[in-house]
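Throughout, read-outs are computed from the coordinates displayed, never taken from laboratory work. Remember, predicted model here, so these are calculated numbers, not experimental data. All Cβ positions, even for glycine, are placed from backbone atoms using ideal geometry, and neighbour counts span all protein chains on display.
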Amino acid sequence: MDRREIAALLAYIGRLDQRTIRTDPGEARDQLAQWHALLGDVPIVTPHGWDARVAARQHIRTSPYQILPADVARPWESYRRDRLARHTDPTPSVDPDDQAAWSAELLDTRHAVATGAAQPAQARAITSGRQDIDPKLASRLREVGSCIPPAARAALAPWRPARAAREVALTQGLPDALSVRCPWCLAQPGESCRRRQVHPDGGARRTTQRATAHPGRLDLAIAQRAEQDQQPATA
């Protein structure tokens, strides 16, 4: 609050509790300077739920003691703590490799929430759509083509051989073999095929994940795609 807002707040409080009224010009000036020094960083009102007049009126209603600047500052600090406690940092829209810009956007968002300029961002439930994605983040995602940068994807390929082989097949125009159930190892759609390791006595000892799908599974995916391509022509 600036000095004019402090003066307006004191005038409002004086109408509710005449004990705060100072008739001497010097005392009124000192009172204004004191309240401004203690409440200069407290807004008189915010777009989302804070009003210093409401805090002052609540104190006058419930306390027999004359109001002090601390009786307005304490509710304001509680208001800030409550909003930050309900806030979940959304993903910044800037380049994550730019640490300074990333941190600055996080701090700006938290400051806006704490001061009542923006509503707390709460964690959303998992949904099937992406309608609420930040427009800036969506444009950057379209620019890079994936949430995983190409360099990071290439670095991860040795540790994700099945995923890497699947991505190569898709870039070559082949159907996604993992979209169907494997008729050989019975892997469900979305699961990688597995190779069975046989014990010397003939029994299955364990299974390991294959980097590529079984040939029969790929043939099944190709046949399924061909059938889907024929349906519009038949219709």
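Key figures
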| item | result |
| --- | --- |
| Rounded to whole Hz, the Karplus (6.51, -1.76, 1.60) HN-Hα couplings of segment 165-182, x for glycine and proline | 5, 5, 5, 5, 4, 5, 5, 7, x, 7, x, 6, 5, 7, 7, 10, 7, 6 |
| Stokes-Einstein D for segment 3-85, Kirkwood Rh over Cα pairs, 10 °C, 1.306 mPa s (µm²/s) | 120 |
| Taking T62, T115, T212 and counting other C-beta atoms within 10 Å, the order from fewest to most | T62, T212, T115 |
| Structure-derived log10 I(q)/I(0) by the Debye sum over Cα atoms at q = 0.08, 0.13, 0.16 Å⁻¹: which label, when the choices are (i) -0.34, -0.86, -1.24; (ii) -0.61, -0.96, -1.16; (iii) -0.29, -0.76, -1.12 | (ii) |
| Mean projection area, nm², convex hull over Cα of segment 150-234 | 7.2 |
| For T109, net neighbour charge (Lys/Arg +1, Asp/Glu -1) across residues whose Cβ lies under 15 Å away | +1 |
| For E191, E27, order by how many other beta-carbon atoms lie within 10 Å, fewest first | E27, E191 |
| Fewest-first sequence of V198, V45 by Cβ atoms within 10 Å of each Cβ | V198, V45 |
| Choice from D134, D24, D201 showing the highest fluctuation, given a GNM over the chain with Cα pairs closer than 10 Å | D201 |
| Ellipticity estimate at 222 nm from DSSP helix runs (n ≥ 4, -39,500 (n - 2.57)) divided over the chain, nearest 500 | -16500 deg cm²/dmol |
| With Cα atoms, 0 to 90° folded angle of helix 215-234 axis to the chain main axis | 80 |
| Net charge contributed by nearby residues that have their C-beta within less than 12 Å of Q119 (K/R +1, D/E -1) | +2 |
| Pair-distance profile P(r), taking every C-alpha pair of segment 49-108, with 5 angstrom steps and integer % | 4, 15, 18, 13, 11, 10, 9, 8, 6, 4, 2, 0 |
| The chain, relative contact order [Cα under 8 Å, separation at least 6], % | 12 |
